[in-house]
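In what follows, a structure is listed as structure tokens, so that the remarks can point back to it.
The values are calculated or read from the model by the stated rules, or taken from the named source; none is laboratory data. Because the structure is a prediction, the values reported are computed rather than measured. Here Cβ is always computed from backbone atoms with ideal geometry, including for glycine, and neighbour counts include all displayed protein chains. When the accessible area is computed, the model is the full protein with side chains, heavy atoms only, and any ligands, DNA or RNA have been set aside. Shrake-Rupley method; radii C 1.70, N 1.55, O 1.52, S 1.80 Å.
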Amino acid sequence: MLEMRRIPRPRSLAAQLFAMQVVLVAVVVAGCAVFAYVTAHSQATNAAVRQATAAARAVADSPSVRAAIRGEQPTTDLQPYAEDVRKDAEVDFVTIMDRNGIRWTHPRPEHIGDKFLGHIAPALDGRTFSETYTGTLGPSVRVVTPVHDRGRIVGLVSAGIKIESIDGRVQKQLTALFLVALGALALGGVGTYVINARLRRHTHGMNAAELSRMHDYHQAALHAVREGLLMLDGQRRIALLNDGARELLGVEGEVIGLHIADLGLPGPLTGALLATEPRVDEVHLTADRVIVVNTSPVQGGEQRGTVATLRDHTELQALTGELDHERGFTEALRSQAHEAANRLHTVVSLIEMGRAEEAVEFATAELELAQALTDQVVTAVGEPVLAALLLGKAAQANERGVELEISPDSRIDDGLLPDTLPARDLVTVLGNLIDNAVDAATGTPGGAVTVTAVVVDEELLLDVSDNGPGVPADADVFARGWSGKGPGRGLGLALVRQTAHRHGGTVTVAQSPDGGAEFTVRLPLAPKKKEVRV
């Protein structure tokens, strides 16, 4: 059975960078070492030429050398002198010769009298020159200069240093250079390892292909998620904003790098996004939407930013409002059924008592009262959804001891409202206004709520007034959280203003003629262009 071999995983990005950086550091250090060696060897050669030149000229300019050359036995006087100069000048040889190159002196006495190995023609022309030549002592860098006596060239002097000696000097420098290069390589390696260890932690050991693939997945996920995702850096500037967040916040254009306060969002929503502590399922209103906000700070020893998720609860909030209205209708129907049962028992009891005429009179009066309200609503409001809403709210108000009246000016025929004005939004607006008015009128002697629904000049006018205590003059009743019913309330009127704004309408509040509050909503029947905030 063949053994399955696991395909080796490509090295991580940090490991690849580490290997590349180690090779780069090694190449740089090696290049510097070679350059330093060449430079050091060239400098050592030039220094040897200068040293040999100084020694050769010092000998050629010596009066004792010229005197010995004029003598009968030049070697006898010149050999000890040349050796003393060689030792003092730290050169390898000092050779004094005649014009034909026959040596008078040499570090090895057995070569005295032999012909000088090297070029002497430039010196015979009166010039001092240097060359590298292989003589009796081996390869050397040498200088040859003429000896002048009374205007004539009477001899030549050559001083030199062996290549072996020059290499020895360079070798000493290279030892120190090698140690410096080794230290630089070690320091570079350690620094590279530390940097790449940190990079490995940040990249979680992934290679370049994995990082690129993760980035592609990241971008695809951000655009695919319908919920809004907003990321802020430590200075509360926008670092990331996906398509869902742009739609929910009503933001267009390039906003990356802007401070969150520069987006022009509602104050409570901006405060929630700027908060340093986490926020969990907070409901906030923008101009067009109901948004649930969750925030979580990004911490790693310090405040690095905030991640916020945004969920659209506009539809859910509308459905919740409708459910609340349906529950109210159910309660009203239950109460009406109970009242109907009581009235039926009364009629039956009157018949059993033999008072048939009174029973008929009682039943007829109740039917006329109910039918009168139904006829009033249906006659004034032909739109079925609004008519049903008003009938249900009238029943609810009646149970709470409040009389709900339909103004004689009300008139909305069926089919008059455009498709751009859905019934759900009408329920949100009119239902919340009536609920608030009934709440305000409850407990007030002769509590009454008057509703007007009419189309005037291509606008739907919805007016709800009550005879309750009214609202404070300086109160922002449309702000989320404002309510006269205690904590945990205060969303209804904010939803009314949001819905009106979404359809290009307005909502105002004033004191009613009966002393309570009067809310007026105007909704254009022809759609208007909405302003886009950037």
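What ranking, highest mean first, results for peptides 425-433, 268-276 when packing means the other Cβ atoms within 10 Å averaged over each residue? Don't jump to the answer; show the numbers that get you there.
On the way: 425-433: 23.1, 268-276: 16.6.
Top to bottom by mean Cβ count within 10 Å: 425-433, 268-276.
Please give the Cα centre distance for region 503-525 versus region 379-409, rounded to the nearest Å.
With region 503-525 and region 379-409 each reduced to a Cα centre, they are spaced 18 Å.
With the alpha-carbon atoms as the only input, what is the per residue convex hull volume for region 19-81 in Å³? Display every interim value, and only then the final one.
Values: hull volume 4.7 nm³, N = 63.
Roughly 75 Å³ of hull volume per residue.
Read phi for every residue in region 112-126 and hand back ³J(HN,Hα) as whole Hz from Karplus 6.51 cos²θ - 1.76 cosθ + 1.60, θ = phi - 60°, with x for Gly and Pro.
Here the 3J(HN,Hα) series is 5, x, 7, 7, 5, 8, x, 8, 10, 4, x, 5, 5, 8, x Hz.
Once you put a point 7 Å from the Cα of S296 and another 7 Å from the Cα of I195, both along the Cβ direction, what distance in nm separates them?
3.4 nm
At a 1.4 Å probe radius, which order do K87, K162, K393, K172 fall into by accessible area, largest first?
Details: K87 130, K162 50, K393 5, K172 160 Å².
I get K172, K87, K162, K393, largest accessible area first.
Report the Cα centroid-to-centroid distance between region 447-463 and region 54-96 in angstrom, as an integer.
After rounding, the separation between the Cα centres reads 130 Å.
Quick check: the distance between the Cα centres of region 144-165 and region 230-292, to the nearest angstrom?
So the two Cα centres are separated by 91 Å.
What figure, in Å² to the nearest 10, do you get for the accessible area of D312 with a 1.4 Å probe and non-protein molecules left out?
D312 exposes around 60 Å² with every protein chain in place.
Mind checking the log10 I(q)/I(0) for region 80-157 at q = 0.18, 0.19 Å⁻¹? Debye, one equal scatterer per Cα, no solvent, two decimals.
Reported log10 I(q)/I(0), two decimals: -0.71, -0.80.
What FRET efficiency would be calculated for the residue pair R152, F178, taking the C-beta separation as r and a Förster radius of 60 Å, to the nearest 0.05? Before the final figure, lay out each step's value.
Values: r = 52 Å, r/R0 = 0.87.
According to the calculation, E is roughly 0.70.
Taking all pairs of different Cα atoms in region 29-137, averaging 1/r and flipping that mean, what Kirkwood radius in angstroms comes out?
Result for region 29-137, one decimal place: 15.4 Å.
Which value, in Å², gives the accessible area per residue of region 54-133 when a 1.4 Å probe is used on the protein heavy atoms? Walk me through the numbers before you get to the answer.
Working: 4280 Å² over 80 residues.
Ligands and nucleic acids excluded, the result is 54 Å² per residue.
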